[in-house]
1. Excluding same-chain residues fewer than 8 positions from LYS174, which lysines have a Cα within less than 29 Å of its Cα?
2. Using a probe of 1.4 angstrom, how much of the accessible area of the chain is carbon and sulfur, in percent?
3. I'm checking a number: the convex hull volume of the Cα atoms of the range 367-481, normalised per residue, in Å³. What is it?
4. Using only helices, what value at 222 nm comes out for the chain when you add -39,500 (n - 2.57) per DSSP H run of length 4 or more and divide by the total residues, to the nearest 500 deg cm²/dmol?
5. Which one, PHE77, GLY364, LEU104, is farthest towards the positive end of the dipole of the chain when Lys and Arg carry +1 and Asp and Glu -1 on their Cβ?
6. Would you mind computing the Rg to Rh ratio of the range 117-204 from its alpha-carbon coordinates, Kirkwood style for Rh?
7. Just one of [x] 37, 26, 23; [y] 44, 26, 20; [z] 33, 28, 22 is semi-axes √(5λ) of the Cα gyration tensor in Å as worked out from the coordinates here. Which one is it?
8. Under the Kirkwood approximation applied to all pairs of distinct alpha-carbon atoms, what is the hydrodynamic radius of the range 172-249 in Å?
Amino acid sequence: MLTGKPSVLFAKLLTVFATLLLPCAAFAASAGAPHLDGAVLSGLWVLPFVCMLLSIAVLPLVAPHFWHSHFGKISLFWALCFLVPFTLKFGFSLALYETLHALLLEYFPFIILLLALFTVAGGVRLTGTLVGTPIVNTLILLIGTLLASWMGTTGAAMLLIRPLLRANAHRKYKVHSVVFFIFLVANIGGSLTPLGDPPLFLGFLQGVDFFWTTTHMLLPMLFTAAILITAYFLIDTYLFGKEGRPAPEGVDASSSEKLGMEGKVNLLLLLGVIGAVLLSGMWDPNIEFNIYHVHVELQNLTRDLLLLFITGLSLRLTDDESRRLNDFNWFPILEVGKLFIGIFLSMIPAIAILKAGKDGALSGIINLVTDANGNPVDIMYFWLTGILSSFLDNAPTYLVFFNTAGGDASHLMTDMASTLLAISAGAVFMGANTYIGNAPNFMVRAIADDQGVKMPSFFGYMAWSFGILIPTFVLVTLVFF
């Protein structure tokens, strides 16, 4: 029986836990940098990440006040449940390297880009009165879907979610509008260019032509979007009639505020955000900074500094009253920042195991994408990339399957174009399956909650996505793969 002070007992338990997880250790790369070999990790290392996801799914339902007050601490707790045993098992050096790698190359660029888009798009306010009729709502979704590929799913979502919510403030049924907004604007609309969604940008960095995505993803995107927009219009029309076709109170022809736009300078700043992202993908000065074996490239550091500068410009150049009238506040980005740091850190072993391919604990998944003759199975590439992208970061998931398919962009764009299409569509489309499948999903949900829309729980949202998206993706499979 273990006895002693609680802190000592806790340390002993963590040591025992870490010892049980693996019989072997990770090793250092020949260049001297620490290296985590995913082939030596058992599936138990994924438990903190699974518990992180379950916390997001369950705690808001069973303990909403506790969750709302302590979600940042809960996120940190699950990150430490991975990092502390990992440090005890593999040593401080490897743990520090993996933490810095996740923070410097993944989390900070991720949250800086979201912060810039959130701040800049939040400075644009549509004035006047939009009334949330089925036609108006459908047009907002359609415009957002078309914009998402050119200004990013996050940019389009942050630009249009508040106008959609204001237009429907008088409506009884609003949840379906936000859910379909996440489906279309925050995910599927970003299918046509590397600017639209991070997985496609990673493909661009790996050598996929900028417009390859446009030409090959156009028909699947239009097919999927047409089904969803039609379904939304029919649902909204039915619910609008059920509500008695309500009109907003206090709105008449003498309304003093005309239809227009405030904060137009932010549209130019949005172009600056797009330019900064493109710069990091096209400019390679071959200069990098080494922070404990983590190589931070100059072009990426420049991009992040430019994005922070653009964020500051937006705050300075946008009238505070306009932001207030736009219902702008910092809670959504703070919530995303606190939750995703726990997600990024706790999913380190899951990504490492996937990268180990057939040598890893998830080799069964990797084996499913290849038939007995060694040929790619496009249907499995689509569904496995998509399912994993629903719960993991869709960008590294895309990269894992990109490399599993050979990793040669020239070959994938020509002889294996259908396989690359399956990987691309799976990563982008199925990011809509859960709140954490793509970053703007959570931000849209947080903004809607803040505006008084009682959004579905984690599993409640999945009921929507499984009921509507999965049948749609089955049709996509039958038609395109």
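1. Result set, ordered by chain and number: LYS242, LYS258, LYS264, LYS338, LYS454.
2. Looking at the chain in its full context, I get 68 percent from C and S.
3. Output value, Cα hull per residue: 104 Å³.
4. Helix-only estimate at 222 nm: -21500 deg cm²/dmol.
5. Towards the positive end, the residue furthest out is PHE77.
6. Here the Rg-to-Rh quotient is 1.00.
7. [x]
8. Across the range 172-249, the inverse of the average 1/r is 14.3 Å.
The values are calculated or read from the model by the stated rules, or taken from the named source; none is laboratory data. What you are looking at is a predicted structure, and each value in this text was computed from that prediction instead of being measured. Cβ coordinates were reconstructed from backbone atoms using ideal geometry, including for glycine residues, and neighbour counts include every protein chain displayed. Protein only, heavy atoms only, side chains kept; ligands, DNA and RNA dropped before computing areas. Shrake-Rupley method; radii C 1.70, N 1.55, O 1.52, S 1.80 Å.
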